[in-house]
Amino acid sequence: MLNGKLDFRSDTITEPTEEMREAMKRARVGDDGREGDPTVRELEEYSAQLLGKEAGLFVISGTMGNLVSVLTHTRHGQEVILERDAHLFWTEVAGIAAVGGLLVNRVAGADGIMAAEDVAAAVRPAKLHFPETGLICLENTHNMAGGTVWSVAQMAAVKAVASRHGIPVHLDGARIFNAAVALGVPAKDIAGQTDSATFCLSKGLSAPIGSLIVGTRTFIEAAKKKRQMLGGTTRQGGVIAAAGLVALKTMVDRLAEDHALARRLAEKLSSVAGLEVNLRTVQTNIVRTKVSGLGVPAAKVAELLAKENVHVLAQQADTLRWLTHRHVTAADVD
């Protein structure tokens, strides 16, 4: 419970811990657009090491991180392969097209997971009338599929396809640490199947703001230019980077608690007449419930629940999305 609400709308509502607040208060700072901010640099270096990459870049949001990464990998007129219901396609305001000048090739996945052979089939042949495939994007965990997890092997199979064609792979890893906890592997094993990756500090990790891009030093240097173009260079960014460092060092392991509560919630919701829950997809901290059997739209169900102090997201016309996070307890679920 947070501020008297049973709030399952998103893990983005998590508030910083007291340790984060203290770290923000004490943070060493500098102008990150000039000589550099020491705390931002520490966060970037720590993040790169954690994900097994050469360098990192601090950005304001996951959406900015994805756009900066896509712009850095591609050029106008190319095509990007991504899963049909990718966050990059649905909820990033078409930046990939409006800013990147890119065409999207959507590949249908099973529970958000694209088969390597389907990705291979989507790669454009080198013909005069076709756009060139410039990038393949993966999403782990997959939001619209309900927080489903790509295995390292599944990602490696797609990376092998990309390598054969000389195409880079970017990972929208907003919840990569949820994926790592669910798989029981280090996050760097997941990121190791890609050329670049983004991840969020402000979801289950509970930092107030910020995301990271990680990749090779050459890629990150090029990405800095794109970040500057988008107005994403901070000044005394260490004030918020300090919370991110605490988040990475103290909040990853506890994500398993969120996963257990999501499973508990899913099982209880599945027993409610009129609701449909695909328990197979409840792999991390997201639960999706179909409400068609109730005879009213999801938005109306969410409205009625809010009157009972239960706040949930109507993600689609017939679907509610529930997220567990550190402000949700077993008592809240019950």
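Laid out as a table, the results:
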item	result
Ordering of 195-207, 232-244 by packing [mean C-beta count within 10 Å, highest first]	195-207, 232-244
Sum of -39500 (n - 2.57) over DSSP H runs of 4+, divided by residues of the chain (222 nm, nearest 500)	-11000 deg cm²/dmol
Estimated inter-spin distance, A126 and S163, nm [label 7 Å along Cα→Cβ]	2.1
Alpha-carbon centroids, the stretch 260-297 and the stretch 186-203: separation in whole Å	28
Amide N proximity, the stretch 76-117 versus N278 label position 7 Å along Cα-to-Cβ, cut-off under 20 Å	82-91, 106-117
Computed E for K268/D85 - FRET, C-beta separation, R0 22 angstrom, nearest 0.05	0.30
Candidates R28, R280, R321: whichever shows maximal mean-square fluctuation once the chain is modelled as a Gaussian network with Cα springs under 10 Å	R280
Solvent-accessible heavy-atom area per residue, rounded to whole Å², over the chain at 1.4 Å	43
Rounded FRET efficiency, nearest 0.05, which uses the C-beta distance separating A98 from D253 and R0 of 35 Å	0.35
Partner lysines for K249 [C-alpha distance under 16 Å; skip if fewer than 8 residues away on the same chain]	K188, K203
Packing-based order for 142-149, 184-191, 83-90, using average beta carbon neighbours within 10 Å, highest first	142-149, 83-90, 184-191
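The values are calculated or read from the model by the stated rules, or taken from the named source; none is laboratory data. Since this is a predicted model, take the numbers as computed values, not measurements. As a convention, Cβ positions derive from the backbone with ideal geometry for all residues, glycine included, and neighbour counts pool all protein chains shown. Quick note on the areas: whole protein, heavy atoms, side chains included, nothing else; ligands and nucleic acids left out. Shrake-Rupley method; radii C 1.70, N 1.55, O 1.52, S 1.80 Å.
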